[in-house]
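One structure is given here, and the rest of the page talks about it.
The values are calculated or read from the model by the stated rules, or taken from the named source; none is laboratory data. Remember, predicted model here, so these are calculated numbers, not experimental data. Cβ placement follows ideal geometry from the backbone for every residue including glycine, while neighbour counts extend to all protein chains displayed. Each accessible area value is taken on the protein alone, full model and side chains, heavy atoms only, with ligands, DNA and RNA left out. Shrake-Rupley method; radii C 1.70, N 1.55, O 1.52, S 1.80 Å.
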Amino acid sequence: MDNDLQVVKMVSAYVIELLSFHLPKEMVFHNLHHTEQVVVSVIEFSQDLNLSLNDRSVLQTAAWFHDTGYCYGYTNHEDISKAIAGTFLRQLHCKDEYIQQVNDCISATRIPQKPHTLLQEIICDADFFHFSRTTYQDDAGRLRTEWETFLKKSFSSQEWDKLNLDFLQSHSYFTSYGRDMLQERKERNIKDLGRKLAIKT
C-alpha cells in the first residue's frame, strides 16, 4: 500500500482496538491515552519541522505501534511492538523500507534512548513530551503504580520523587523543537520536584 494517509488511518483503527481489548487494565500509564498523546506530539513535531508526507506517515505509524507490545509483556516490549507492527504492515503490503523505518523508530524509544536519525529523535522526544506537561507528577504516579504491579518495585514517596528528579535532570531533548519548546516547561517540573523534596527532608 502506497497511500501514506490510508496506512495511518488503518493502523490507528487497528491499534485502538488492540489496546482497548488486549491491554491489561492495570496498565495505567502505558495505555491508549499515552499512545494518543505521543501521536499528537509527533504530528506537532512534524508540522514544526515541515516533514514530508512519507516521514509523517512513518512517525505516526511508529507512534501508534510503539507500546503495543505491552499487551503481551512488560519487559522488552519494544521487540514485541516491532513484531506486531511488521506483521500488520506486511498485511497492508507496505514496502520493506517503510516497515524498517517504523521499526527503527520503535527501537529508538528503548531506554536509554539512542536515536540515529531525525525521525528517531522526534519519536524519542514525543515519547517524553509529558516531561513538559503540567500533569507530569500525575503521570509519574501512574508509572509508579505500573512498576509496583508489573515489576514488583516499590518506592517511598521520597525515593520516587528523587528517582524522577534525577531522571529529568539527566534527560535532554534531541530535537530543536524539544529544546526550544519543551525544555523550559520541563525545567518547571524539575523545580517543583526539587521544592517537594526539600520540604520532605
- Note, the range 73-80: 3J(HN,Hα) by Karplus (6.51, -1.76, 1.60, θ = phi - 60°), whole Hz, Gly/Pro = x, goes x, 8, 7, 6, 5, 4, 5, 5
- Message: Order 27-34, 102-109, 113-120 from most to least packed using the mean count of other Cβ atoms within 10 Å.
- Response: 102-109, 27-34, 113-120
- Where Rh denotes the Kirkwood radius from the mean inverse Cα pair distance, what is Rg over Rh for the range 1-70? 1.00
- Task: State, as an integer percentage, the relative contact order of the range 20-115 based on alpha-carbon contacts under 8 Å between residues 6 or more apart.
- Result: 24 percent
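Leaving out ligands, DNA and RNA, and with a 1.4 Å probe, what % of the accessible surface on the chain is carbon or sulfur?
52 percent
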- Mean separation of Cα contacts under 8 Å (6+ apart) over length of the chain, as relative contact order %: 20 percent
- Query: When the helix-only estimate is applied to the chain (DSSP H runs of n ≥ 4, each -39,500 (n - 2.57), divided by the residue count), what is the mean residue ellipticity at 222 nm, nearest 500 deg cm²/dmol?
  - Reply: -21000 deg cm²/dmol
- Message: Placing +1 on the Cβ of each Lys and Arg and -1 on the Cβ of each Asp and Glu in the range 6-163, which of 16, 43, 53 has its Cα farthest towards the positive end of the resulting dipole?
- Response: 16
- Query: Of the lysine pairs in the range 50-176, how many meet both conditions: Cα atoms under 19 Å apart, and a spacing of 8 or more in sequence or different chains?
  - Reply: 4
- Item | Over the range 128-201, relative contact order from alpha-carbon pairs under 8 Å, at least 6 apart, % | 45 percent
- Using Cα atoms only, what is the angle between the long axis of helix 4-22 and the major principal axis of the chain, expressed in degrees (0 to 90) to the nearest 10? 50 degrees
- Message: Per residue, how much accessible surface does the chain expose to a 1.4 Å probe? Answer in Å², no decimals.
- Response: 51 Å²
- About its Cα centre, how strong a charge dipole does the chain have in debye, to the nearest 20, once Lys and Arg get +1 and Asp and Glu get -1 at the Cβ? 620 debye
- Enter the Cα centre distance for the pair the range 134-175 and the range 59-130, rounded to the nearest angstrom. 22 Å
